[in-house]
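A short reminder: the numbers here are calculations on the coordinates, not readings from a lab. This is a predicted model, so every value here is computed, not measured. Here the Cβ positions follow ideal geometry from the backbone for every residue, glycine too, while neighbour counts run over all protein chains shown.
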Amino acid sequence: MKQEILERLFMDRALGGLTPDVAALLDAYLEKDPEQSRQFESIDDCVRLAARACPKPPALKLPPLKLVPMPAPRPVRTEFRAGLRILEMAAAFVLGIGLSFWGLRPAGTATMKPQSTFATTVEPSSQSAFWSMNRAINIRSSSESTQSRRVTWETLMHKTQSMN
């Protein structure tokens, strides 16, 4: 056997993790090879000393589980169940028809009225206030004056020619 496999078997045997059949086979192998037997004894001593140095903590005893009995479900009469099923189907039918008529109505029938987008009467707290309505109207009316503004674009070449 390979040495790695033997070491794993020795550790499992020292920790009590081998089945009785495998432990019997390992004992028979150790009787034939005394060198391997000394190695197993050293591993067994290490495991025993480690167990003595680090004892297992005592097991906590848990209180018994409290079972709360659930109430038995009430039997439902089959007539009542059939009536509920009919009501469910009727509600689904009415809802389906209503949604169909709502979704398939002609596009020309608008139900909403257009709303005004500009308020006409707002009293400012001060006549010279920056955010006053009078100031906004004055700015708008001055920008809509009869004089047309003219935008000209002068390139760098144009400016150098006018300088000469």
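Other residues whose C-beta falls under 13 angstrom from the C-beta of Gln3 contribute a net charge of -2, scoring Lys and Arg +1 and Asp and Glu -1.
At a 10 angstrom cut-off on C-beta neighbours, averaged per residue, how do the peptides 39-48, 89-98, 5-14, 26-35 rank from highest to lowest? Let's see the in-between values first.
Values: 39-48: 14.3, 89-98: 10.0, 5-14: 16.6, 26-35: 12.2.
Ranking the peptides 39-48, 89-98, 5-14, 26-35 by packing returns 5-14, 39-48, 26-35, 89-98.
For the range 12-18, putting each phi into the Karplus relation 6.51 cos²θ - 1.76 cosθ + 1.60 with θ = phi - 60° gives couplings of 5, 5, 5, 8, x, x, 9 Hz, in residue order, rounded to whole numbers and with x for Gly and Pro. Taking only the Cα atoms of the range 3-53, the ratio Rg/Rh comes out at 0.96, with Rh defined as the Kirkwood radius.
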